[in-house]
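Comments concern the structure below.
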Amino acid sequence: MAGLKDVDAFERIQLIRVVVWFGPACLLMLSFLWYFLRRQGMIPDWLFVVLLVLTPVLTAGGVLAIHYGTSGAPVSLVKTLYSAGNIPPPRTYPRQDVLIVRGQYREAAEYFRDHLTIEPADHEARLRLAAILEDHLNDAAGAERLYLEVRGANPDPGQAMRAANGLIDLYRKQGRRARLMVELARFADRYRGTPGAEAAARVLREVKAEGTPAES
């Protein structure tokens, strides 16, 4: 039941976003449209009044249509894509996602830690937690440890690449050039022939051209 409540809370947050961003603009545009049509003599005065009265109703309908379209369609698309080859879609974490939307990053991190205590092999959760620590909680050491844990376990190819990218981004932000060069070389070698590997090799050459790296 708690999970369902978290999903409902997330849906409410999404609905509020649509109302705030779309509602006022739609109301204003429709009102101007009715006024323009009346000025041009394309609709009579009585219809102009009726349309003005119906404008809030039409706006509410548009808000609901956008909300359900944007929340339901992606889910169906993801299910369709992953049904080919019987590939499971990425795991979702409704409770943590609600906290992240609210800006409660520390609480979301704690939920991820509790989850990993129960399911230590969930590399997706480990990557999500690493991103929170790096981007929102100023815990670069914690993020690095999680990325390395994913690499040292048995991740799928996508998780392995995300962990490698995470380490590269982290070392670039910290200015740890020695570790950055190691990770760039590893990435360029492992994913040889891909655009990502070419980009890693290019950055590696640039870092080497800057001089001898300091010890990390």
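Read-outs throughout are calculated quantities, based only on the coordinates presented, and are distinct from any laboratory measurement. All of these numbers come straight from a predicted model, not from anything done at the bench.
What full-extension length gain, to one decimal in nm, is calculated for T194 and A209 as 0.36 nm per residue of separation minus the Cα-Cα distance?
The span from T194 to A209 would gain 3.1 nm if fully extended.
Taking Rh as the Kirkwood radius computed over C-alpha pairs, what is the Stokes-Einstein D of the stretch 86-149 at 4 °C in a medium of viscosity 1.567 mPa s, expressed in µm² per second?
For these conditions, the coefficient is 108 µm²/s.
Can you work out ³J(HN,Hα) from phi for every residue in the stretch 151-161, in order, using Karplus 6.51 cos²θ - 1.76 cosθ + 1.60 and θ = phi - 60°, giving whole Hz and x for Gly and Pro?
After applying 6.51 cos²θ - 1.76 cosθ + 1.60, I find 4, x, 8, 10, x, 6, x, x, 5, 5, 5 Hz.
Calculate one ³J(HN,Hα) per residue across the stretch 32-48 by plugging θ = phi - 60° into the Karplus curve 6.51 cos²θ - 1.76 cosθ + 1.60, and present them in order as whole Hz with x for glycine and proline.
Once θ is set to phi - 60°, the couplings for the stretch 32-48 become 5, 5, 4, 5, 4, 5, 5, 4, 7, x, 7, 9, x, 4, 5, 6, 4 Hz.
Per residue of the stretch 195-209, in order, report the coupling 6.51 cos²θ - 1.76 cosθ + 1.60 (Karplus, θ = phi - 60°) as ³J(HN,Hα) in whole Hz, putting x for Gly and Pro.
Calculated HN-Hα couplings, in order: x, x, 5, 5, 5, 5, 5, 5, 5, 4, 4, 5, 5, 5, 5 Hz.
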